[in-house]
1. Considering only segment 40-81, how many residues are without any contact (Cβ under 8 Å) to a residue 60 or more places away in the chain, out of contact with any helix residue (DSSP H, G or I) (no Cβ under 6 Å at 6 or more places or on another chain) and part of a helix (DSSP H, G or I)?
2. Within segment 45-81, restricting attention to residues that are β-branched (Val, Ile, Thr) and more than 14 Å from LYS29 (Cα to Cα), which residue is surrounded by the most Cβ atoms within 10 Å (Cβ to Cβ)?
3. Name every residue in segment 3-35 that is surrounded by fewer than 20 Cβ atoms within 10 Å (Cβ to Cβ) and at pLDDT below 95, in order of residue number.
4. Where in segment 107-148 are there helices (runs of 4 or more DSSP H), lying wholly inside it, with at least 3 residues that are modelled with pLDDT of 95 or more and not small (Gly, Ala, Ser)?
Amino acid sequence: MLTDLLKPELVACHVEASDWEEAIRACGKLLVDAGKCDQSYVDAMISSVHKFGPYMVLEEGIAMPHAQADGNVSEAGICVVTLDPAVAFGHEDFDPVHVLVGICAPDPKAHLGCLAELSQMFEDEDCVAKLSACDTPEQVLETMRSFF
């Protein structure tokens, strides 16, 4: 289960970001600092948005930064960043983004599995509000577990 991958050191609450790139960098830094991936993976997440647009904004207020692994992911990882204030990613329906759930996986099959499992969160229409209200990593972990 993905919540087994989520540790307090992979959560940051009420992060201030000036734009979507800075928000993704904050998310990626958690994964890099935990040894899940290297900086080139974070750069790939940002490049993906430049190339394909804000496809990673999946629902109102929530984005799932990720990229295709290219030898730059050492193990599967998940992180959560709540933004305060929210940041526009350029998505016409789901901006602004309040919560980022970053993922990395060493292979595409694992990556798709992560995305599928995380999509369960969207069944709770208050998931963004619940996560945004958390003040500590431990509260985020407890809230995330309630979605699965």
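The values are calculated or read from the model by the stated rules, or taken from the named source; none is laboratory data. Source: prediction; values computed, not measured. Here Cβ is always computed from backbone atoms with ideal geometry, including for glycine, and neighbour counts include all displayed protein chains.
1. Final tally of qualifying residues: 9.
2. Taking segment 45-81 as the starting set, the residues that turn out to be β-branched (Val, Ile, Thr) are 46, 49, 57, 62, 73, 78, 80-81.
Among the residues that remain, those that are also more than 14 Å from LYS29 (Cα to Cα) are: 49, 57, 62.
Working: VAL49: 20, VAL57: 25, ILE62: 21.
Per the stated criteria, the residue is VAL57.
3. Passing the criteria: THR3, ASP4, LEU5, LYS7.
4. On the way: elements: 108-118, 127-132, 137-147.
By residue number, 137-147.
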